[in-house]
Amino acid sequence: MTAPALSSFAAAISGDEDAALAIASGYADLLTRRLGTVISAMDEPDRSHILGMLADIDRLSGGALGALTWPPVSSCLLSRQSGQVDARELALQMHVGATTQFGTGPGIVSAPSWLRCQGPGESVAGSGGTPRLQLGLELLSRYSTGTSDLVRLCTRVVVFQRTGRPESTGSWSTDELIGCTVLVNAHRDAQPAWLAESLLHEAVHHCQGMFEIARPFIIDPLLVERPDRYRSPWTGTELTAKSLIAACFVWYALATFWARAADAHEPALRRAVRGFVIGDPASMIDGFAGALDPGIPAVITELQDDIRGRYGSQRSGAG
């Protein structure tokens, strides 16, 4: 299979809906092929049972892709070697996946058994979950249908998490559950701009995860194990090499989106461009370029040059 072009990933996070759809569809196709490999290695009656479930899902939810891209299902399919997927585990996760369709936008789940939350806290959907989520989605749609499509295609489920520190808000996701976004203490910060930024932030991670199934960004796994840390030019947080790469894509996507809404959200735009303008993440990544897909440093340099070309004159006022 030919590796996808990195330009398509850059286009997707910039708000190109066709590029986002191509990546999400390619990911779903890969899962379909993976399922075929898994089923072919199963014994009867497990094989018949899974095929029967697929037929039921196709009738009830408009297509089996809704189940295959459900985070615990895709995790089950992608994290095991051929023939080692437990049929009962897969069937259980596919049953849950029948509740949402592929590409229609995220659902809200309360305390899913397949999600291990980070740190103390509880996952709760709550009666206000859907209206709050809709606020963020509506703001995304208002300024960029392409960005909204990216979020809707790549985010399969949103979990609202409450923690013991109510002053702490944020979002997180994990590579093991592509498409699952966790919003932390959103009941305390339900501003549309915060919701939109959090949803887009995690959707970029999901899109990268979908893309990397076919073309990994890191080709030397030892890079992930190194203790080296790199100070984020945007937040000052100490990041791993892997996190620094992801941060470049996230902040570029945010800068591109907020540029379309600059009149109403200029502080958000300044915060997003800051790291590219007063920092030099491209040079930081060049320091470990040998461990990366050769196209990654070049793409990040292009994104940085784009931001500097548009906002370099704001160096002193970038925040």
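Observations on the structure shown:
- Taking Cβ atoms as reference points and 14 Å as the exclusive limit, the residues near Ala22 contribute a net charge of -4, counting Lys and Arg as +1 and Asp and Glu as -1.
- Gaussian network model of the chain, Cα within-10 Å springs - most flexible of Arg226, Arg142, Arg88: Arg226
- Principal axis extents of the Cα atoms in the stretch 207-269, from largest to smallest and rounded to whole angstrom, are 44, 29, 9.
- When the alpha carbon coordinates of the stretch 159-211 are projected onto the principal axes, the ranges are 34, 22, 13 Å, largest first.
- Taking amide H atoms as placed 1.01 Å from N in the peptide plane, the amide H of Asn185 lies under 5 Å from those of Gln161, Arg162, Thr163, each 5 or more residues away in sequence or on another chain.
- Working note: Karplus 6.51/-1.76/1.60 with θ = phi - 60° gives the stretch 71-78 the couplings x, x, 6, 4, 4, 5, 6, 8 Hz, where Gly and Pro are set to x.
- ³J(HN,Hα) computed for each position of the stretch 106-113 - Karplus, 6.51 cos²θ - 1.76 cosθ + 1.60, integer Hz, glycine/proline x: x, x, 10, 10, 9, 6, x, 5
- Extension gain from Arg116 to Ile278, taking 0.36 nm per residue of separation minus the Cα-Cα distance: 54.6 nm
- Column: log10 I(q)/I(0), Debye, Cα scatterers of the chain, q = 0.07, 0.10, 0.12 Å⁻¹: -0.28, -0.58, -0.84
- Overall Cα dimensions of the stretch 122-211 - principal axes, largest extent first, Å: 35, 31, 20
- Asp228/Leu51 FRET efficiency (R0 45 Å; Cβ-Cβ; nearest 0.05): 0.40
- For the stretch 239-246, Karplus couplings with θ = phi - 60° (6.51, -1.76, 1.60), whole Hz, Gly/Pro x: 10, 6, 4, 4, 5, 5, 4, 4
- Helix axis angle, 192-212 relative to the chain longest principal axis, alpha carbon, degrees: 60
Only the coordinates and a few stated rules stand behind these numbers; no lab work does. Bear in mind the structure is a predicted one, so any value in this text is a computation, not a measurement. Neighbour counts run over all protein chains shown; Cβ positions are idealised from the backbone, glycine included.
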